[in-house]
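Take a look at the structure below.
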Amino acid sequence: SVSAAFWEHLRRLGLQDFPCGLGSWNKSRFDARRSPCRGRLGPGADPARQQETVLLGEESPETLMDLLRDRHSPWALPPDCSPQDQHLREMAVVVPELVHSSNIFQVFRSLRIIDKGVEEVDEGLLQLYQLEELILSANHISRITSANLPRTLKVLELCCNAVADLQDLCAHPPPELQHLGLGYNRLCGPSQDKYLTAAFWPNLVSLDLSFNNFTDLLGLVSQLSSLQKLRILVLQGNPLALIPTYRGFLVDSLPKLSILDDIHIGPDERHQFRSLAKQPELIRSEARVVVSIGKIKGVPDPSTCQQLEVGFEAPVITYSYCVTYEF
């Protein structure tokens, strides 16, 4: 589950272990916070000033920070960790109480769990009640229930999973979501088209549906046209993207769109396809595929074969080849 992956991620960060957290390496510094006679050091305390309380056998905040930041240090973060992870560890040096126990939930604004074998988005995620960005790419998620998503989400990325149905996700979706990433999943049209409207995603600015199995261009566009805030759309890799008038029809049908398939839509292109949306009869149920062969190995080049002499009586050996393309 996502919760299990989250706690495993925290364990890897070692927020309670040296040089983070509370321990013998900084005991006096945090005893000072609890002792009125020595003054209280708030969360914004300057590590340089805290260094005055360092006793023999302890480490200063500055030294502990150096151990975290030096990429050659044994306590440096693994390469796949995010800047937020580094920030959490630094907080665990300066104000460890903020990343201890239940306080950790209020710290997270972004959570990235990529390629961790996650299959379930469970209700434990609701504890991250200030979460705004959730990245769950390259996992094994086939079903996601909106009731288990924090209402504060603005970014939800589910690229490279096994999502085939949006019904559960759209039952009660996060109202402020601005980006929805569903590329490289198993979505098929037209059954899923009805979930891609402003009724479910009123604030959506960016939508990635690339490399799924959408085939009905007219039907999909009729639903997407209700997304008044949509500015970025990715549909490449779907069968409908092979339709000859695909790009022009989308550009004219969605006048507020700024970027289609990672390509900016300029004024010239919009003028070029003007009024194409009023001619749906041009959308034919056929595709155009161009195959270019760069190099073939192991086949004799016929141009190098010598021409047979007239009256040549020796047997002639001919070869034929069968080439198969799989799409």
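Below are the figures for this structure:
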item: Count of residues meeting criterion [open to solvent by less than 100 Å² (accessible area, probe 1.4 Å), modelled with pLDDT of 75 or more and aliphatic (A, V, I, L, M)] in the stretch 283-313; result: 5
item: Matching residues, the stretch 169-215, being charged (D, E, K, R), farther than 13 Å from Ile232 by Cα and open to solvent by less than 50 Å² (accessible area, probe 1.4 Å); result: Asp193
item: The stretch 60-83 residues that are within 18 Å of Ser24 (Cβ to Cβ), paired with ones that are modelled with pLDDT of 85 or more and open to solvent by less than 40 Å² (accessible area, probe 1.4 Å) (beta carbon under 7 Å, 6 or more apart); result: Leu67/Ser73
item: Unique residue being open to solvent by less than 50 Å² (accessible area, probe 1.4 Å), out of contact with any His (no Cβ under 7 Å at 6 or more places or on another chain), closer than 18 Å to Leu169 by Cα and not small (Gly, Ala, Ser) when the list is Leu111, Leu125; result: Leu125
item: Residue tally, condition among the aliphatic types (A, V, I, L, M), under 17 Å from Lys278 (Cα atoms) and open to solvent by 50 Å² or more (accessible area, probe 1.4 Å), over the stretch 216-253; result: 1
item: Pairs, first closer than 15 Å to Ser206 by Cα in the stretch 261-278, second of a type in the set (S, T, N, Q) and open to solvent by less than 100 Å² (accessible area, probe 1.4 Å), C-beta under 8 Å, six or more apart; result: Asp261/Ser210; Asp261/Gln236; Asp262/Gln236; His264/Ser258; Ile265/Ser258
item: Search result, residues across the stretch 264-277 that are closer than 18 Å to Ile243 by Cα and open to solvent by less than 50 Å² (accessible area, probe 1.4 Å); result: Glu269, Phe273, Ser275, Leu276, Ala277
item: Odd one out for Pro280, checked against (1) open to solvent by 50 Å² or more (accessible area, probe 1.4 Å); (2) modelled with pLDDT under 95; (3) closer than 20 Å to Glu326 by Cα; result: (3)
item: Segments classed as helices (runs of 4 or more DSSP H), wholly inside the stretch 1-116, with at least 1 members that are at pLDDT 80 or above and touching a Lys or Arg at 6+ places or on another chain (Cβ under 6 Å); result: 2-13, 61-69
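The values are calculated or read from the model by the stated rules, or taken from the named source; none is laboratory data. All values derive from a computational prediction rather than experimental measurement. Note: ideal-geometry Cβ built from the backbone for every residue, glycine included; neighbour counts use all protein chains shown. Please note that ligands, DNA and RNA were not included when accessible areas were found on the heavy atoms of the full protein model with its side chains. Shrake-Rupley method; radii C 1.70, N 1.55, O 1.52, S 1.80 Å.
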